[in-house]
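Asker: Pasting a structure here, questions to come.
The values are calculated or read from the model by the stated rules, or taken from the named source; none is laboratory data. Given the structure is predicted, the values throughout are model-derived calculations rather than measurements. Note that each Cβ is placed from the backbone with ideal geometry, even for glycine, and that neighbours are counted across all protein chains shown. Side chains included, ligands, DNA and RNA excluded: accessible areas come from the protein's heavy atoms. Shrake-Rupley method; radii C 1.70, N 1.55, O 1.52, S 1.80 Å.
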Amino acid sequence: GAGVSQSPSNKVTEKGKDVELRCDPISGHTALYWYRQSLGQGLEFLIYFQGNSAPDKSGLPSDRFSAERTGESVSTLTIQRTQQEDSAVYLCASSREQALNEKLFFGSGTQLSVL
Amino acid sequence: DQQVKQNSPSLSVQEGRISILNCDYTNSMFDYFLWYKKYPAEGPTFLISISSIKDKNEDGRFTVFLNKSAKHLSLHIVPSQPGDSAVYFCAASAGGGTSYGKLTFGQGTILTVHP
């Protein structure tokens, strides 16, 4: 497909379990971002990857959150020992590069529900 | 600490009239502002942006105005169409360089355009 693809679209898990969320960016996009949207809130920046540079992890809310990216392709966001407050829509976005006027293209997100 | 605020959770407008969505920010380091539009079950899509060196940017029916002294921006949609009904997010970035994709979002405004 031509757009950013995220899987799964929905994930229900029990408190304390680990989850992995996947993002396939648009081919050729060197920059990849993870955001999350909690109920009634705006999108919250989590982490971004730009090429082979070290990722900017400044938005990760705790050390239970981590993310990896293989080259300039797939990224996975892992949440360990999930808590109820982790329930949110997790959105991935990509752009050709990280520069002014470069648009972010978002996926449809993964709705995470922690019971 | 909400650095980008959209104080109107919702707005209802008649088809053909003007829609005005407002956004306020507190961080004077923000130098690039964007509006995104989101339909249910989809990721946000880029609508229009403005750099802090400008006070207005137009793209078809959409115009963004920036008032730096008031730390306020607005999105005007003229004429409004039923297909414009969506959630609109205001976003901002600071510092240039590696920060352009690291956006701070408002909470969103639900726009409903009635036929």
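Asker: Could you give me the percent of Cα pairs per 5 Å distance bin for chain A, shortest bin first, beginning at zero and ending with the bin that holds the maximum distance?
Answerer: Answer for chain A: a P(r) of 2, 13, 24, 26, 19, 10, 5, 1, 0 percent.
Asker: Which residue, B:Tyr39, B:Ser8, B:Ser80, has the largest displacement toward the positive end of the dipole of the stretch B:7-109 when charges sit on each Cβ (Lys, Arg +1; Asp, Glu -1)?
Answerer: B:Ser8
Asker: Can you give the accessible area per residue of the protein assembly as shown, in Å², using a 1.4 Å probe?
Answerer: Per-residue value: 48 Å².
Asker: What is the magnitude of the charge dipole of the protein assembly as shown about its Cα centre, with +1 placed on the Cβ of each Lys and Arg, -1 on the Cβ of each Asp and Glu, and no other charges, expressed in debye to the nearest 20?
Answerer: Dipole magnitude for the protein assembly as shown comes out near 220 debye.
Asker: What translational diffusion coefficient, to the nearest whole µm²/s, does chain B have by Stokes-Einstein, given a Kirkwood radius computed over alpha-carbon pairs, a temperature of 10 °C and 1.306 mPa s viscosity?
Answerer: Calculated translational D: 112 µm²/s.
Asker: Nearest 100 Å², what total accessible surface is buried between chain A and chain B (probe 1.4 Å)?
Answerer: Counting both chains, the buried surface is close to 1600 Å².
Asker: Give B:Lys5/B:Lys37; A:Lys15/B:Lys37; A:Lys11/B:Lys5; A:Lys17/A:Lys103 a once-over and call out the pairs whose C-alpha atoms are over 27 Å from each other.
Answerer: As for pairs spanning more than 27 Å Cα to Cα, those are A:Lys15/B:Lys37; A:Lys11/B:Lys5; A:Lys17/A:Lys103.
Asker: Taking Rh as the Kirkwood radius, which is the inverse of the mean 1/r over Cα pairs, what is the Rg/Rh value for the protein assembly as shown?
Answerer: With Rg and the Kirkwood Rh in hand, the quotient comes to 0.97.
Asker: Less than 11 Å Cβ to Cβ from B:Ala86, Lys/Arg counted +1 and Asp/Glu -1: what total charge do the surrounding residues give?
Answerer: The answer is 0.
Asker: Still on this model: Tell me the accessible surface of B:Phe30 in square angstrom (1.4 angstrom probe, heavy atoms of protein chains only), to the nearest ten.
Answerer: Ignoring ligands and nucleic acids, B:Phe30 comes out at about 10 Å².
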